[in-house]
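Step one of this worksheet: look at the structure below.
The values are calculated or read from the model by the stated rules, or taken from the named source; none is laboratory data. Note that this is a predicted model, so its numbers are computed, not measured. Cβ sites come from the backbone with ideal geometry, for glycine too, and all protein chains shown count toward neighbours.
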Amino acid sequence: MPRILVFQHVAAEPLGTLDPLIRQRGHRIRFVNFEREPDAQPNVDRYRGLIVLGGPMNVEEQHVRPHLRTELRAIERMLQQGKPVLGICLGAQLLAHVLGAPVRRIARPEIGWYPLRTTDAGRSDRILGPIGSDAAVFQWHGRHFQIPETATHLAWTEHCEQQAFRWGDNAYGFQFHLEMDEPLIERWLANPVYRAELLASGLPHDADAIRAHTRAHIATMQAQADQVFNNFLDLIGRPQRRIVLPSREFV
């Protein structure tokens with residue numbers, strides 16, 4: 001039975017709708033919650049795939065959050081072994097950093113619902129293709145990754161060009177949150193830290209507007225997300241070509 005390793009950073013950002021999809025397939029999930037176990041050193045060699053979730057911390061906080069270095073090394077190891085990797089939000093930023101791309105603050109945060117548009121490569125991609133040419137997706141981020149030079153750019157939004165990329169055949173970074181459902185969005189909107197971030201963002205929409213947009217878009221996004229995530233999970237357990245990356249130090 002393929003085993004999947006999941007890196008979680010805070011309780012508020014779980015697998016969401018990905019969790020039942022993984023379990024329906026009979027995969028075993030090993031969670032490493034770095035909020036609870038900051039000194040954890042998971043042995044990634046034992047797993048067939050890795051999912052790295054979001055969180056409020058940032059790549060440049062490695063000096064105060066050493067677990068980020070642990071995660072970067074783990075991601076690199078999985079890529080060297082040719083195993084499927086999916087990074088969501090912070091997870092995508094960590095994946096991009098491993099691949100040599102910078103992560104920077106964006107001029108204006110994206111919080112709430114935004115039109116996502118795919119590139120030609122994104123529309124034909126075997127994982128992200130079900131999104132189609134455009135889709136409404138949920139966002140919550142104040143930083144973004146650059147597209148790694150060796151990766152393929154898959155999607156963009158008006159205010160953040162770098163939304164999704166593929167590296168090789170089975171490593172994906174998504175800046176947006178396809179894993180959300182309505183209760184999880186409500187949980188974020190009620191969280192004091194997240195609520196304060198929204199209030200300080202200067203965005204023209206508030207929590208009530210996000211709730212209204214959620215009612216309008218959540219069903220369509222969830223249907224698309226199920227297809228995208230199932231396509232990614234199809235990669236788990238397949239024989240993968242070993243890919244060797246140069247050794248790097250993360251600072």
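Consider residue 91 carefully, then state whether it is small (Gly, Ala, Ser), touching a residue at least 60 places away in the same chain (Cβ under 8 Å), in a strand (DSSP E or B) and under 27 Å from residue 199 (Cα atoms). Write out each step before concluding.
Details: small (Gly, Ala, Ser): yes; touching a residue at least 60 places away in the same chain (Cβ under 8 Å): yes; in a strand (DSSP E or B): no; under 27 Å from residue 199 (Cα atoms): yes.
It is false that residue 91 is small (Gly, Ala, Ser), touching a residue at least 60 places away in the same chain (Cβ under 8 Å), in a strand (DSSP E or B) and under 27 Å from residue 199 (Cα atoms).
Given the residues 75, 88, which is the only one that is among the β-branched types (Val, Ile, Thr) and farther than 15 Å from residue 177 by Cα?
Numbers: 88 fails: farther than 15 Å from residue 177 by Cα.
The unique qualifying residue is 75.
From the set of residues in segment 64-87 that are more than 16 Å from residue 33 (Cα to Cα) and assigned to a strand (DSSP E or B), which is nearest to the chain's Cα centre (by Cα)? Working first, answer last.
Filtering segment 64-87 down to residues more than 16 Å from residue 33 (Cα to Cα) leaves 64, 73, 76-86.
Of the ones still in play, those that are also assigned to a strand (DSSP E or B) are 85-86.
Details: 85: 10, 86: 6 Å.
Filtering segment 64-87 for residues that are more than 16 Å from residue 33 (Cα to Cα) and assigned to a strand (DSSP E or B), the one nearest to the chain's Cα centre (by Cα) comes out as 86.
Grab the strands (runs of 3 or more DSSP E) fully contained in segment 110-219, keeping just those with 1 or more residues being farther than 27 Å from residue 84 by Cβ.
Values: elements: 134-145, 152-156, 164-167, 171-174.
The strands (runs of 3 or more DSSP E) meeting that bar are 134-145.
Would you mention how many residues in segment 1-57 are more than 17 Å from residue 236 (Cα to Cα) and β-branched (Val, Ile, Thr)?
Result for segment 1-57: 3.
So which of 173, 202 is surrounded by 22 or more Cβ atoms within 10 Å (Cβ to Cβ) and either over 16 Å from residue 96 (Cα atoms) or under 16 Å from the mean Cα position of the chain (by Cα) (or both)?
173
Residues 37, 76: which one is within 25 Å of residue 140 (Cβ to Cβ) and of a type in the set (Asp, Glu)? I'd like the intermediate steps shown before the answer.
On the way: 76 fails: within 25 Å of residue 140 (Cβ to Cβ).
Among 37, 76, only 37 is within 25 Å of residue 140 (Cβ to Cβ) and of a type in the set (Asp, Glu).
Restricting attention to segment 46-63, which residues are more than 19 Å from the chain's Cα centre (by Cα) and either surrounded by 15 or more Cβ atoms within 10 Å (Cβ to Cβ) or at pLDDT 95 or above (or both)? So that I can check it myself, show each step before the final result.
Of segment 46-63, the ones more than 19 Å from the chain's Cα centre (by Cα) are 46, 63.
Scanning segment 46-63 gives no hits.
Tell me the residue from 95, 72 that is of a type in the set (A, V, I, L, M), at pLDDT 95 or above and buried (at least 21 other Cβ atoms within 10 Å of the Cβ), please.
None of the others qualify; the one that does is 95.
If you check every pair at least six apart or on different chains, which have Cβ atoms under 8 Å apart with a residue in segment 165-181 that is farther than 12 Å from residue 13 by Cα first and a residue that is among the basic types (Lys, Arg) and crowded, with 22+ Cβ neighbours inside 10 Å second?
170/83
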